[in-house]
Each structure stands twice: as structure tokens, then as C-alpha cells.
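Taking it in order: structure first as C-alpha cells, then the write-up.
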Amino acid sequence: MKHEKELWGELLGPYFEDFWDTPVPANEVEIKIFTERLEKFGVPRDQIESIISLYEYSREVQPMVHAIDDEAIFEWKEEWELWLGQQDMDIFRWKDGRFHLWDASNVNYGDEYVTEDYYSILKKGFEEWGL
């Protein structure tokens, strides 16, 4: 099986080439602080690792994925959700121990838009948008 960094590179590499240039990985301090926040929020360890694996590849994927230090990620903390990013009106969330792709009005697109890991839901989004 491929290492997660390779998977992120395959998925996001063309996106960066088209829009940004090169990904910039989060530094160790950013990863440590963000990991601690996710732990306090109650995200399971394997899902923290799934989220962190993206930020080890790039600290942000603008305009789609919030930067590792963007407070918007925790904007919906009262609802026990993480707002990980969005593309147009489609929103990437972590809620109830799973990753979701929903629209801005909170409509769940169905079970095929709910995954156990962050990579799979972003890949699903990329497929939907033709990226």
C-alpha cells in the first residue's frame, strides 16, 4: 500500500500545479498544536492521523481546505463538528466520528458521501468536481 503522503501527492499534486505551484508542509509546532486541539475535541487517534497526514503534505489547500491554523475549523464546535473546508457550496466536515461531504444547508448527500478517513472524502469530492 502507498504511504499517505504519496496518496495526497497523487490527489493534490495536479491541483497545486494548476493553481499554486508547490505544497508547503505544516511545521512540527503547527502539527503539535493542531493535534492537541483535535485530541481535546475528542477526535479518535486514527482520524487525527488521517487529518494530520494531509497537513504533513501541505499546511493548506486554498481555497478548498482550511489552513492548519485557521480558526474556522473549530467554528462549529458547539455542534461538535469540524469544518475542514469547502468547495463552492460543498462542505467537508468531521462529525460523529466520520468525515462527511454535505452542502452548505446541512443536507447529507447520502452514505456514499460519508467515510472513515479524510483522504477518501476529499477524493470523493475531487471526483464529483472533475478535479
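Structure values in brief
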item: Candidate set: the range 39-71, residues that are at pLDDT 90 or above and of a type in the set (A, V, I, L, M, F, W, C); chosen: the one farthest from Trp8 (Cα to Cα); result: Phe41
item: Out of Ser50, Ser105, sole residue that is without any contact (Cβ under 8 Å) to a residue 40 or more places away in the chain and of a type in the set (Gly, Ala, Ser); result: Ser105
item: Qualifying residue in the range 27-38 (condition: closer than 13 Å to Trp94 by Cα and either modelled with pLDDT of 85 or more or surrounded by 14 or more Cβ atoms within 10 Å (Cβ to Cβ) (or both)); result: yes
item: Residue check for Ile91: free of Cβ contacts under 8 Å to residues at least 12 places away in the same chain and among the hydrophobic types (A, V, I, L, M, F, W, C); result: no
item: Selected residue (criterion: farthest from the chain's Cα centre (by Cα)) from residues of the range 44-58 that are surrounded by fewer than 21 Cβ atoms within 10 Å (Cβ to Cβ) and among the aliphatic types (A, V, I, L, M); result: Ile48
item: Flag if Glu17 is out of contact with any helix residue (DSSP H, G or I) (no Cβ under 7 Å at 6 or more places or on another chain) and acidic (Asp, Glu); result: yes
item: Among the candidates Phe126, Phe74, Phe99, Phe92, residue that is touching a helix residue (DSSP H, G or I) at 6+ places or on another chain (Cβ under 9 Å) and more than 19 Å from Tyr15 (Cβ to Cβ); result: Phe74
item: Qualifying residue in the range 94-101 (condition: in contact with a His (Cβ under 7 Å, 6 or more places away or on another chain) and modelled with pLDDT under 90); result: no
item: Selection count where residues are aliphatic (A, V, I, L, M), touching a residue at least 40 places away in the same chain (Cβ under 8 Å) and buried (at least 18 other Cβ atoms within 10 Å of the Cβ), scope the range 110-131; result: 1
item: Among the residues listed as Asp96, Asp88, the single one being surrounded by fewer than 16 Cβ atoms within 10 Å (Cβ to Cβ), more than 11 Å from the chain's Cα centre (by Cα), among the charged types (D, E, K, R) and under 17 Å from Gln47 (Cβ atoms); result: Asp96
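The values are calculated or read from the model by the stated rules, or taken from the named source; none is laboratory data. As the structure is a prediction and not an experimental result, all values here were calculated from the model. Note: ideal-geometry Cβ built from the backbone for every residue, glycine included; neighbour counts use all protein chains shown.
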